[in-house]
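*Asks:* This is the structure I want to talk about, given as structure tokens.
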Amino acid sequence: MSACFDGALVLPRNHVIITNEEMEYIDGGYFFSGKDCQNVAFAIAGSGSGLLAIAGTAAALNGAMRFASLIGGPIAWIIRGAVGLVANAMVKLLYGFGMGAITGKGMTAGFTLNFWEGFIKVNVHH
């Protein structure tokens, strides 16, 4: 049995066709629809508890930074790095929910192994 390959892509009989939309989310993450983003944005901005949670987290991060300044050394570097990661994640998620709510198209949020992205990836759909 011989086969002639002319460079054409040949799929097996039991292949599954993946749409473009499914391919966009293949690397993981959770999709929040525009309505989900609006609900979260309203819960954060429209309620005292959402704003209190953000303020409390900011105060805790500030306290951790002050503690790191007091102890110094390599442990302080680790604490500052962790505070930076948490603050980065907060900003990215709040931006994503806000823009996802404004555009009405939603966002995808998930973890990544890229340290230069702060280990979190947020894609706002336009």
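*Asks:* Using a basic spin-label model with each label point 7 Å from the Cα along Cα→Cβ, how many nm lie between Ala58 and Ala76?
*Replies:* Distance between the two pseudo-spin positions: 2.5 nm.
*Asks:* Which of rounded, prolate or oblate describes the stretch 28-124 when judged by the alpha-carbon gyration tensor and an a/c cut-off of 1.5?
*Replies:* Oblate is the answer for the stretch 28-124, as a/c is 1.5 or above yet b/c matches or exceeds a/b.
*Asks:* Arranged from highest to lowest average of other beta-carbon atoms within 10 Å per residue, in what order do the peptides 112-121, 90-99 appear?
*Replies:* Highest mean packing first, the order is 90-99, 112-121.
*Asks:* Treat the count of other C-beta atoms within 10 Å as a stand-in for reagent exposure and order Arg66, Arg80 from fewest to most.
*Replies:* The order, fewest Cβ neighbours first, is Arg66, Arg80.
*Asks:* What distance in nm lies between label points placed 7 Å from Cα along the C-beta direction at Ser47 and Tyr30?
*Replies:* 1.6
Quick note: the coordinates plus some simple rules give every number you see, no bench work behind them. Note that this is a predicted model, so its numbers are computed, not measured. Cβ coordinates were reconstructed from backbone atoms using ideal geometry, including for glycine residues, and neighbour counts include every protein chain displayed.
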